[in-house]
C-alpha cells in the first residue's frame, strides 16, 4: 500500500458534560473526539464530509480500537493528533493520539471507514476527488 503522512492537531478542553462522576472523560466520548479529528483532517486536506456526501459518498465506520493510558479530565487542555499514513482504497484508516498539555499520551486509537455509495450503500473505491488530494501529499 502506498504510504502518505498527513497530520492535523486539534486542541480543546473536555466539557463537564463529557465527564463521568470522577471528572474523567467518559470512554464513549472518545469516538466523538476522533470524529472531530477526521473531519478536520479532511478539511485541511481540502475536502469536507459534506462535499463527499453531496457527491454521493458516505463513510460508515467499520472498525474502531482504543487504548487508554489515562483518561482526559474535565477542563484539562488536550491535543488530538489525527493522521492518515496510507492512501485510501476502498477504505480509509485514521490514527489518533490524544495528549495532555505536557505531551503525555492519554489515549490512542484507530478508526477504519469504508467508502459506500450514498444510495445503494454498496462499497466503492475512494472517490477521485479525494484520491487526487492524497496524491499531492505523496
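Here are a few things to note about the model shown:
- Summed over segment 77-88, residues that are closer than 12 Å to residue 113 by Cβ and either exposed (fewer than 15 other Cβ atoms within 10 Å of the Cβ) or in contact with a strand residue (DSSP E or B) (Cβ under 6 Å, 6 or more places away or on another chain) (or both) total 1.
- Residue match in segment 115-134 (condition: surrounded by fewer than 16 Cβ atoms within 10 Å (Cβ to Cβ), within 14 Å of the chain's Cα centre (by Cα) and over 30 Å from residue 23 (Cα atoms)): no
- Lone qualifier among 96, 87 - being in contact with a helix residue (DSSP H, G or I) (Cβ under 8 Å, 6 or more places away or on another chain) and under 16 Å from residue 127 (Cβ atoms): 87
- Taking every residue in segment 2-17 that is free of Cβ contacts under 8 Å to residues at least 40 places away in the same chain and at positive phi and pairing it with any residue that is exposed (fewer than 10 other Cβ atoms within 10 Å of the Cβ) and assigned to a strand (DSSP E or B), at least 6 positions away or on another chain, yields no pair with a Cβ-Cβ distance below 7 Å.
- Across segment 1-32, the qualifying residues are those that are surrounded by 16 or more Cβ atoms within 10 Å (Cβ to Cβ) and out of contact with any helix residue (DSSP H, G or I) (no Cβ under 9 Å at 6 or more places or on another chain), and the one among them that is nearest to residue 86 (Cα to Cα) is 30.
- Test: residue 133 is within 16 Å of residue 8 (Cα to Cα), modelled with pLDDT under 95 and touching a helix residue (DSSP H, G or I) at 6+ places or on another chain (Cβ under 8 Å): yes
The values are calculated or read from the model by the stated rules, or taken from the named source; none is laboratory data. A quick note: this is a predicted structure, and the numbers were derived from the prediction, not measured. Cβ atoms come from the backbone with ideal geometry, glycine included; neighbour counts cover every protein chain shown.
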